Amino acid sequence: MTGWYPVCLDLRGRRCLVVGGGRVALEKTRGLLAAGAAVAVVAPEVVPELRSLPVELVERPFADGDVAGRMLVVSTTGDDAVAARVAAAAERAGVFCNAADVPALCSFILPAVHREGQILVAVSTGGASPALAQWLRARIAELVRPEHAQLAERLAALRPWAKRNLPSYEERRDYFRGLVERALA
């Protein structure tokens, strides 16, 4: 996965843009909304399901200025010329851009994701094969169960205590590692 740096972004309240109004746009919009993003969708036509989502819906073709003030942009039109325009506008504006199914135009890629409570598992093939990433995600999802999410909540509640009482990173790491091993043994 040369060149890609995995990261989880806090998108709560952040302005994001989806260009396109089809099924892929619907999937990407739902993912952004699940992360708490403030989403605008720009497309001349949209699938009916997009109309029921809490998004700013702009029913017209993409304009370069649409990327202004956005944290990230996802292009889902399936039209390589539009994707190239979106990517170029995002680059000029210093905005991260994902062009669905066109890795060469992406400044970030979207992994296959499984969520279980506070646990988020992401699988990526670096854009080589989304189908393989989805297959792997499905296998991993079988391993991540509700009891793991409950454990994550309990451990999160202990973090302030650990920060106050265990002075070094190593002590905190070892403390939590021991708790996890005992809980899952």
Pairs returned, first residue in the stretch 6-34 that is at positive phi, second residue that is part of a loop (DSSP other than H, G, I, E, B) and open to solvent by 40 Å² or more (accessible area, probe 1.4 Å), beta-carbon separation under 8 angstrom, 6 or more apart or interchain, are Gly20/Thr77; Gly20/Gly78
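Look at Val102 and say whether it is free of Cβ contacts under 8 Å to residues at least 40 places away in the same chain and either among the small types (Gly, Ala, Ser) or farther than 20 Å from Thr125 by Cα (or both). Give the steps one after another, and end with the answer.
Values: free of Cβ contacts under 8 Å to residues at least 40 places away in the same chain: yes; either among the small types (Gly, Ala, Ser) or farther than 20 Å from Thr125 by Cα (or both): no.
For Val102, the condition - free of Cβ contacts under 8 Å to residues at least 40 places away in the same chain and either among the small types (Gly, Ala, Ser) or farther than 20 Å from Thr125 by Cα (or both) - is not met.
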Note on the stretch 4-18: residues open to solvent by less than 80 Å² (accessible area, probe 1.4 Å) and over 25 Å from Ala68 (Cβ atoms) are Trp4
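Considering only the stretch 32-145, give the strands (runs of 3 or more DSSP E) lying wholly within it that have at least 2 residues that are over 21 Å from Gly3 (Cα atoms). Explain how you work it out, then say what you get.
On the way: elements: 38-42, 56-58, 72-75, 96-99, 112-116, 119-123.
Strands (runs of 3 or more DSSP E) meeting the threshold: 38-42, 56-58, 112-116, 119-123.
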Scanning the stretch 161-176 residue by residue, those surrounded by 10 or more Cβ atoms within 10 Å (Cβ to Cβ), not in a loop (DSSP other than H, G, I, E, B) and not charged (D, E, K, R) turn out to be Trp161, Ala162, Asn165, Tyr175, Phe176
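Out of Leu151, Leu158, I need the residue that is at pLDDT 95 or above, in contact with a helix residue (DSSP H, G or I) (Cβ under 6 Å, 6 or more places away or on another chain) and either surrounded by 10 or more Cβ atoms within 10 Å (Cβ to Cβ) or assigned to a helix (DSSP H, G or I) (or both). Which one?
Unique residue meeting the criteria: Leu151.
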When Gln134 is run through (1) surrounded by 12 or more Cβ atoms within 10 Å (Cβ to Cβ); (2) free of Cβ contacts under 8 Å to residues at least 12 places away in the same chain, the failure sits at (2)
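Kindly provide the set of residues from the stretch 117-136 that are closer than 24 Å to Val180 by Cβ and at pLDDT 95 or above, ordered by number.
Matches in the stretch 117-136: Leu136 only.
With the condition kept exactly as written, say whether any residue in the stretch 14-22 is outside any strand (DSSP E or B) and closer than 22 Å to Ala104 by Cβ. Spell out how you get there, then give the answer.
In the first step, residues of the stretch 14-22 are kept if they are outside any strand (DSSP E or B); the result is 14, 20-22.
Now drop any that are not closer than 22 Å to Ala104 by Cβ, which leaves 20, 22.
Among the residues of the stretch 14-22, at least one is outside any strand (DSSP E or B) and closer than 22 Å to Ala104 by Cβ, which makes the answer yes.
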> Residue check: is Gly78 in contact (Cβ under 8 Å) with a residue 40 or more places away in the chain, under 22 Å from Val39 (Cβ atoms) and touching an Asp or Glu at 6+ places or on another chain (Cβ under 8 Å)?
Replying inline: yes
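Condition test on Val18, is it within 20 Å of the chain's Cα centre (by Cα) and modelled with pLDDT of 95 or more?
Considered against the rule, which asks whether it is within 20 Å of the chain's Cα centre (by Cα) and modelled with pLDDT of 95 or more, Val18 comes out as yes.
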Considering the stretch 61-106, residues that are surrounded by 15 or more Cβ atoms within 10 Å (Cβ to Cβ) and basic (Lys, Arg), and then whichever is farthest from the chain's Cα centre (by Cα), we arrive at Arg85
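The values are calculated or read from the model by the stated rules, or taken from the named source; none is laboratory data. Remember, it's a predicted structure, so these values are computed and weren't measured experimentally. Glycine gets a Cβ as well: all are built from the backbone with ideal geometry, and neighbour counts include every protein chain shown. The accessibility values were calculated without ligands, DNA or RNA, using every heavy atom of the protein model including side chains. Shrake-Rupley method; radii C 1.70, N 1.55, O 1.52, S 1.80 Å.
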